[in-house]
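Step one of this worksheet: look at the structure below.
The values are calculated or read from the model by the stated rules, or taken from the named source; none is laboratory data. Values in this document were obtained by computation on a predicted structure and should not be read as measured data. We place every Cβ from the backbone using ideal geometry, glycine too, and count neighbours over all the protein chains shown. These area figures cover heavy atoms from the full protein model, side chains too; ligands, DNA and RNA do not enter into them. Shrake-Rupley method; radii C 1.70, N 1.55, O 1.52, S 1.80 Å.
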Amino acid sequence: MNQRNHETAHDTGHKAAHDPSELPPQPSAWQLFTAFHSPAQRWPGALRAALALFIPGAVALLLGYGSVMLLIAAGGCVVIYGEGHPFRTRWRVMGVAGLCLIAGATSGSFVGSVVYSEMQAGGSHMWLILTALFTVTLATLGAFVQNALRLPPPGSFFIVMVSGGSTMVARLGYNPVEVGLWASLGVASALVIGMIPALVNPRGPQNNAVRSLEASIAALERSNSSAFAVHHQTQTALTDAWFSLADAGIIRGSKIIDDSQADLVERVIDANRRLIEIRQRLGIHGDAVNIVDTPNLIDETQRSIPLARPSVTYRIYRSLERYSHASMTATKVAITGGVAGLVSVLVGLDRPDWAVVSSLMVLQWGPDRTAGSIRGLHRLVGSVLGIFLYALLFSFGLDSWTLLIALAACQFGAEILVVKNYALTTIVTTPLALLLGGNVSGPLVPLVAGRVAEVSLSVIVALVVLRFWKASTDEKHYLRHIGRCYLQMGTLLGALLTGTPNEALNIRRDLQYELLSERQAIQSLGINHPDTAAKHWEGHRKIRAAGYLMLDYCRTHADTMADREDIAKLAKTVHTAKEYS
């Protein structure tokens, strides 16, 4: 009996839905605050990130273009988006991120030129509201897209940070076209540096992902720990490994399509098996770990090769609903960023973009209440420490070369920490953002006080919105997934009447995605509203059992037309599950 059928049989013996042991456990605040979310080795990518900023900046200095070093450095941030991706897809990921960053930096500079020309001509300080509006728009759009596509960290954060900071560049006397062209040069250098390792080790990223997974499993076996952070690290490593193999073109449709790298697939399957055995031995519930704000959309209880992610079009289209995770997150970011930015201007602070970016960092993944509160604390503590780190650098004095070295060091630290712990990440991204914004001269005390005030304001507003904004939407968010799961099950049943399971590969892929999304939604509901989640828990298990039974059938009968008896059995399972929803 395969794993999914085993789970289906096991479901019949589960406890009643109201039993609280069935719901995901609540991790302690300290566990979330100290958790490191990825065990992957990061220093090679961090070195490339630093070089992508340092090399073009150094060339600019040597050629006498030191004044544009910051603009080039901003484009170098793109290299972070490619790290960890197989080279087959890395260039495309960095290219898209680069285009977004260039467009954001250019448009931000244009907005800044309007704002500061008006203010220099005697206009009101209130012109800065235009800066806030621009950054809020980018943050809202970025939050929607990154959640709709389920992008990994850093999501849209660096793009919004650079774009918002570009509104300050007008004070240095650059026009928007110059800003865009110099940022393009930084992006081009990042693309070259990010792809150079392909000449030496073309299979390096997928090999590293698998090695990281095996090391994480070995560490878990040695520790024999049931701690939240340890198991989440392993889940993240498993997710990264499967996605890396898919992006490298090794697997597709639950099959190995590149036999030359089949050993990597077997190693991941074996690591997955070991993870299942560890969790069974420790008595950890299948839904117990994946409850942070950046979920791993891989079901670690399944032993087979997962299907690919749905198309970009599908993921965006399915999120264009009021109660989708992406829409709800974008709404919260818009409200929080708008309020924080507006208040920042009204009280006389001069970096409303900083307040908006701080709001985005807290809410960008649509966290649950507990995880979001910890993220806010991460942002506050990390940013304050980062501001004082910046003040320390500032007090020593920064000329062209020391500024470049400081930027490269911060970029190195950002790449090391961006997928590990947000408090530590913000310690290095804060001085990076301040330096890229051209804050390298002038009175230090007002600058430090202003940035601390803006961060504090944004975190307070974000936590208020997270706590009180339409709590009833959490249940509505879950209920939409029920309908989507049954819609895909019905679509797959219809497809099996006229073709083989392999001819319905896209439908199977979309059903798997909806099942994983439904699982994440019930986990989120269980964290925020356990009593409400308990009412839906039996239906959740039935949906899961029926969906994976269909996917298992398709995997084991991939090229065989289903007979009417098999389809009738599958349909009966779906109808039985619907009685509980």
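Points to keep in mind about this one:
- Against the test of being in contact with an Asp or Glu (Cβ under 6 Å, 6 or more places away or on another chain), more than 20 Å from Glu514 (Cα to Cα) and in contact (Cβ under 8 Å) with a residue 12 or more places away in the chain, the options Trp354, Trp365 yield a single qualifying residue, Trp354.
- Across segment 161-170, a minimum of one residue is classified as closer than 27 Å to Ala355 by Cα and not in a helix (DSSP H, G or I).
- Any hit, segment 517-537, residues being out of contact with any Gly (no Cβ under 8 Å at 6 or more places or on another chain), part of a loop (DSSP other than H, G, I, E, B) and at negative phi: yes
- When segment 55-89 is filtered for residues that are farther than 28 Å from Ser244 by Cβ and outside any helix (DSSP H, G or I), the ones remaining, listed by number, are Leu63, Gly64, Tyr65.
- Residue within segment 459-474 that is over 23 Å from the mean Cα position of the chain (by Cα), within 27 Å of Ile335 (Cβ to Cβ) and either β-branched (Val, Ile, Thr) or modelled with pLDDT of 80 or more (or both) present: yes
- Check on Tyr580, outside any helix (DSSP H, G or I) and either farther than 20 Å from Tyr323 by Cα or open to solvent by less than 10 Å² (accessible area, probe 1.4 Å) (or both): yes
- Exactly one residue out of Ala406, Ala414 is of a type in the set (A, V, I, L, M, F, W, C) and in contact (Cβ under 8 Å) with a residue 40 or more places away in the chain: that is Ala414.
Residue-by-condition table, conditions (1) within 15 Å of Ile460 (Cα to Cα); (2) out of contact with any Leu (no Cβ under 6 Å at 6 or more places or on another chain); (3) open to solvent by less than 10 Å² (accessible area, probe 1.4 Å); (4) assigned to a loop (DSSP other than H, G, I, E, B):
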| residue | (1), (2), (3), (4) |
| --- | --- |
| Pro306 | no, yes, no, yes |
| Ile335 | yes, yes, no, no |
| Val339 | yes, yes, no, no |
| Leu342 | yes, yes, no, no |
| Met361 | yes, yes, yes, no |
| Gly366 | no, yes, no, yes |
| Val381 | yes, yes, no, no |
| Gly386 | no, yes, yes, no |
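- Looking only at segment 249-282, and only at residues there that are touching a helix residue (DSSP H, G or I) at 6+ places or on another chain (Cβ under 7 Å), of a type outside the set (A, V, I, L, M, F, W, C) and over 19 Å from Thr89 (Cα atoms), the one that is most open to solvent (accessible area, probe 1.4 Å): Arg267
- Condition met for Val160 (out of contact with any strand residue (DSSP E or B) (no Cβ under 7 Å at 6 or more places or on another chain), open to solvent by less than 10 Å² (accessible area, probe 1.4 Å) and under 22 Å from Leu349 (Cα atoms)): yes
- Some residue of segment 557-566 being open to solvent by 40 Å² or more (accessible area, probe 1.4 Å), in contact (Cβ under 8 Å) with a residue 24 or more places away in the chain and of a type in the set (Val, Ile, Thr): yes
- Of the residues making up segment 308-336, those that are touching a Phe, Trp or Tyr at 6+ places or on another chain (Cβ under 6 Å) and of a type in the set (Asp, Glu) number 0.
- Considering (1) open to solvent by 60 Å² or more (accessible area, probe 1.4 Å); (2) under 27 Å from the mean Cα position of the chain (by Cα); (3) modelled with pLDDT under 90, the lone condition that Leu172 does not fulfil carries the number (2).
- Taken over segment 263-284, the criterion of being farther than 13 Å from Ala218 by Cβ, touching a residue at least 12 places away in the same chain (Cβ under 8 Å) and in a helix (DSSP H, G or I) is satisfied by Leu264, Val265, Val268, Ile269, Asn272, Arg273, Ile276, Arg279, Leu282.
- Filtering segment 440-491 to residues that are open to solvent by 20 Å² or more (accessible area, probe 1.4 Å), among the small types (Gly, Ala, Ser) and either in contact with a Leu (Cβ under 8 Å, 6 or more places away or on another chain) or within 23 Å of Pro367 (Cβ to Cβ) (or both) leaves Ala453, Ser456, Ala471, Ser472.
- Test: residue in segment 518-535 that is under 30 Å from Leu101 (Cβ atoms) and surrounded by fewer than 21 Cβ atoms within 10 Å (Cβ to Cβ): yes
- Scanning segment 228-248 for residues that are at pLDDT 85 or above and open to solvent by 20 Å² or more (accessible area, probe 1.4 Å) gives Asp240, Phe243, Ala246, Asp247.
- On inspection, Tyr390 does not qualify as crowded, with 23+ Cβ neighbours inside 10 Å, within 19 Å of the chain's Cα centre (by Cα) and either modelled with pLDDT under 80 or not β-branched (Val, Ile, Thr) (or both).
- Of all residues making up segment 237-262, the number that are of a type in the set (Lys, Arg) and either at positive phi or in a helix (DSSP H, G or I) (or both): 0
- Any hit, segment 122-139, residues being free of Cβ contacts under 8 Å to residues at least 40 places away in the same chain, within 20 Å of the chain's Cα centre (by Cα) and assigned to a helix (DSSP H, G or I): yes
- Qualifying residues in segment 190-224 (those that are in a helix (DSSP H, G or I) and among the basic types (Lys, Arg)) - the one most open to solvent (accessible area, probe 1.4 Å): Arg222
- Scanning segment 440-474 for residues that are free of Cβ contacts under 8 Å to residues at least 60 places away in the same chain, of a type outside the set (Gly, Ala, Ser) and at negative phi yields Val440, Pro443, Leu444, Val445, Pro446, Leu447, Ile460, Val464, Phe468, Asp474.
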